[in-house]
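First the structure, in the form of structure tokens, and then the observations on it.
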Amino acid sequence: MHTLYGNSISGNCWKPAVMLHARGLPFRWIEVDILKGESRTPEFLKRNPNGRVPLLVFPDGRTLAESNAMLLHLGEGTSWIPTDPYLRAKMYEWLFFEQYSHEPYVATVRFWVKFAGKAQEKAQEIVERTARGHAALAVMEKALSSTPFLVGEQPTLADIALYAYTHVAPEGGFSLEGYPAIRSWLDRVTTLPGFVPMPFHG
Ligand SMILES: N[C@@H](CCC(=O)N[C@@H](CS)C(=O)NCC(=O)O)C(=O)O
């Protein structure tokens with residue numbers, strides 16, 4: 001059985017959980033309290049030197065970090081990954097976008113505001129990151145205004161990756177009022193086969 005070290009509030013940790021579920025792979029969830037620094041203990045750092053969750057441990061003991069690497073591995077050979085090389089590259093485009101242009105803003109602001117009690121301490125940085133988060137949401141809105149899913153007509157891993165923190169963006173103060181295409185897409189993603197809401201512990 002796979003083991004997933006994760007944190008319940010984390011969209012990054014939900015990503016591999018939902019794909020394990022979609023693949024019909026049972027797994028053991030181990031909760032890691034990131035607010036208490038449990039991903040930074042010497043014991044955890046032996047498993048993931050980067051000190052973060054999620055961390056996937058395979059039945060044979062091998063490990064994999066990085067949520068989108070897990071999506072790619074778990075989605076191998078399924079319709080979540082387009083076979084057409086161009087469409088597959090477009091899916092990668094969104095996966096890299098998620099990690100560079102969306103998650104550091106939308107997810108980090110949510111974490112500071114809702115969970116870490118840092119709204120005051122990080123006030124200026126929150127203003128800046130909120131603007132960048134909205135820029136990322138605007139890019140998604142434009143794409144989703146012309147196609148039902150990020151890569152086109154069919155759902156891909158890009159939709160799972162970007163659903164993770166977009167659906168909880170309001171918890172960080174991001175209103176989705178001005179993004180009607182994103183709101184319809186969020187509803188659409190919940191109807192996909194294998195979808196389970198966050199948090200999911202297997
Ligand atoms: N790029 C990584 C990001 C992982 C990440 O930032 N994990 C956060 C929770 S969402 C974490 O473990 N934070 C605790 C820490 O950095 O000490 C991924 O997609 O898996």
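Details
- Complete set of residues in the stretch 160-177 that are free of Cβ contacts under 8 Å to residues at least 24 places away in the same chain and more than 16 Å from the chain's Cα centre (by Cα): Ser175, Glu177
- Residue, farthest from Leu137 (Cα to Cα), within the stretch 165-184, restricted to residues that are out of contact with any Asp or Glu (no Cβ under 8 Å at 6 or more places or on another chain) and surrounded by 24 or more Cβ atoms within 10 Å (Cβ to Cβ): Ala169
- Scoring Gln120 on the criteria (1) farther than 27 Å from Pro180 by Cβ; (2) free of Cβ contacts under 8 Å to residues at least 12 places away in the same chain; (3) part of a helix (DSSP H, G or I); (4) in the same structural domain as Leu157 (by TED's automatic domain parsing) leaves a single failure, condition (3).
- Any hit, the stretch 139-160, residues being touching a Lys or Arg at 6+ places or on another chain (Cβ under 7 Å), assigned by TED's automatic domain parsing to the domain that holds Gly172 and within 16 Å of the ligand (Cβ to nearest atom): yes
- Screening Glu128, Glu103 for residues that are at pLDDT 95 or above, among the acidic types (Asp, Glu) and surrounded by fewer than 13 Cβ atoms within 10 Å (Cβ to Cβ) leaves exactly one candidate, Glu128.
- Taking the stretch 180-196 as the range and being outside any helix (DSSP H, G or I) and in contact with a His (Cβ under 9 Å, 6 or more places away or on another chain) as the test, the residues that pass are Gly194, Phe195, Val196.
- Output for the stretch 22-71, where each listed residue is within 18 Å of the chain's Cα centre (by Cα) and either of a type in the set (Lys, Arg) or in the same structural domain as Phe115 (by TED's automatic domain parsing) (or both): Arg23, Arg52
- Condition met for Val196 (under 16 Å from the mean Cα position of the chain (by Cα) and outside the structural domain of Ala17 (by TED's automatic domain parsing)): yes
- Listed by first and then second residue, the pairs with beta-carbon distance under 8 Å, at least 6 apart or on different chains, first residue in the stretch 133-149 and under 11 Å from Trp94 (Cβ atoms), second of a type outside the set (A, V, I, L, M, F, W, C) and assigned to a loop (DSSP other than H, G, I, E, B), are Met140/Tyr179; Phe149/Pro155; Phe149/Thr156.
- Considering the stretch 1-113, the qualifying strands (runs of 3 or more DSSP E), each wholly inside and each with 3 or more residues that are more than 10 Å from the ligand (Cβ to nearest atom), run over 2-6, 27-31.
The values are calculated or read from the model by the stated rules, or taken from the named source; none is laboratory data. Remember, predicted model here, so these are calculated numbers, not experimental data. Note: ideal-geometry Cβ built from the backbone for every residue, glycine included; neighbour counts use all protein chains shown.
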